[in-house]
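Here is the structure we will look at, set down as structure tokens.
The values are calculated or read from the model by the stated rules, or taken from the named source; none is laboratory data. Because the structure is predicted, anything quoted here is derived from the model rather than measured. Reconstructed Cβ throughout: ideal geometry from the backbone, glycine too, with neighbour counts over all protein chains shown. For accessibility, only protein heavy atoms count, side chains too; no ligands or nucleic acids. Shrake-Rupley method; radii C 1.70, N 1.55, O 1.52, S 1.80 Å.
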Amino acid sequence: MANDREVLREIWDGKLPICFQLAQEEIMEIQQPDPFYVMVPRLSYFPLVTDKMKRHFLRYISQENADNEMWLDYNGQPLKWHYPIGFLYDLFCGNDPQLPWTLTVHFTKFPETILLRCPNKDVVEAHYMSTVKEADVLKHRGQVMSTMQKKDHNQLWLGLQNDKFDQFWAINRRLMESHGDNEGFKHIPMRIYSDDGITCQRLICPKNNDGSRKTVHQLLSELYPDKAEVNLRTHGVLIPLDTPLQWLSEHMSYPDNFLHICLC
Amino acid sequence: MGDEKVPDDISQADSDNTKEVDQKENGDSVKSDKVKVDILLKATGNAPIMKKKKWAVDAEKPIGWIMEFVKKYLKLEPEEKLFLYVNQTFAPSPDQIIKNLYECFGTDGKLVLHYCKTQAWG
């Protein structure tokens, strides 16, 4: 069980200052729009926190583009809305912190081959719930999610969407329990991203063959036997190599129940 | 659009396994050896059945690519929807790589994907 409440709270409260700027070629007014500054939760998703920003910039663009889907880039790299914001920051700026994080807002030239379409927040919810289900298949063969009621699923989503820690964790704690006589999950839901754009997801057991708790260091030597020095970053911190994977999963997972980790 | 041709890098895995073996024996210059994995496509709900269910696909491709392939194979209209499910539980996002899903959810050497035209498992 996730027992270190201070850690859970600290992770939940993580925020990033963002400076949104409208792409120059989109500006149709003589007067330049002011950049839009906002603090956003690291655990959230861009479509959940950008309504106000969108309204701010709509006045400055050509009205024929006003109904187009908005998208964001950092340094020319389109940002995938279906990844948590904090993870995107760690991926692009982890080694070279830049605050506030300056992003460019677009209403035209949607990069179809890179980004998924996100016409409304229901799509974000569907993506989120599906990821939680995938994580639960790895942890408990899907048994927790399938025995929960629809209202519990809603509560998870609303807790995240409305930034309500207690509401979210009242349900999420059930997803963080170990089942049977096992101390730990069946497998650890974890995605490791390297800067070449490759995502690695494997069946990772929280225990070694001798029953001891598997650490980050042991995992890295299994996954990357040839690499001498690898570090992992999540929520803006480098993970100490002696951290047990089970503890990491219970406390440092994103609300979608996955650990999203950058290789560095 | 609409003919029976399949893309170069997808091949029928059940009836003509030999085809792949032949390629490997005499064709080391033909292609760089891409890792392939077997997927099994099962219809559910109101979706039409595919005649060939088992396919060997490039492991590095994203799930969205399989979705496009199935839509083409079933001759669905562009606006028709197709949902793919793993373990009859969750819908992987279209940019998830087949290899990752195969490693985590493959059984007996293949990844089973259920497809349907309406949402089946939420």
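Here are the numbers for this structure:
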quantity: Mean accessible surface per residue for the range A:121-175, computed with a 1.4 Å probe while every protein chain stays in place, in Å²; calculated: 43 Å²
quantity: Antiparallel %, DSSP beta bridges [both residues in the protein assembly as shown], to 5; calculated: 70 percent
quantity: The range A:127-155-the range A:186-264 distance, computed between alpha-carbon centres (Å); calculated: 22 Å
quantity: For residue A:77, distant residues with modelled amide H under 5 Å away; calculated: none
quantity: Where A:39, A:148 fall by accessible area, highest first, once all protein chains stay in place (1.4 Å); calculated: A:39, A:148
quantity: Residue with peak Gaussian network fluctuation, chain A [Cα springs, cutoff 10 Å], from A:197, A:142, A:94; calculated: A:197
quantity: Shape call, chain A: gyration tensor on alpha carbons, a/c limit 1.5; calculated: prolate
quantity: Listed residue pairs exceeding 21 Å between alpha carbons, taken from A:121/A:150; A:80/A:121; B:34/B:117; A:139/A:164; B:51/B:72; B:51/B:110; calculated: B:34/B:117; A:139/A:164
quantity: Area of residue B:60 that stays accessible when all protein chains are in place (1.4 Å probe, Å², to 10); calculated: 110 Å²
quantity: Accessible-area value, residue B:112, 1.4 Å probe, nucleic acids and ligands omitted, Å²; calculated: 40 Å²
quantity: For the pair B and A, total buried accessible area rounded to nearest 100 Å², probe 1.4 Å; calculated: 1300 Å²
quantity: Carbon + sulfur, % of accessible area of the range A:121-175 - ligands and nucleic acids excluded, 1.4 Å; calculated: 45 percent
quantity: Model label zone, residue A:194; criterion: amide N under 14 Å from point 7 Å along Cα-to-beta-carbon; scope the range A:235-264; calculated: A:262-264
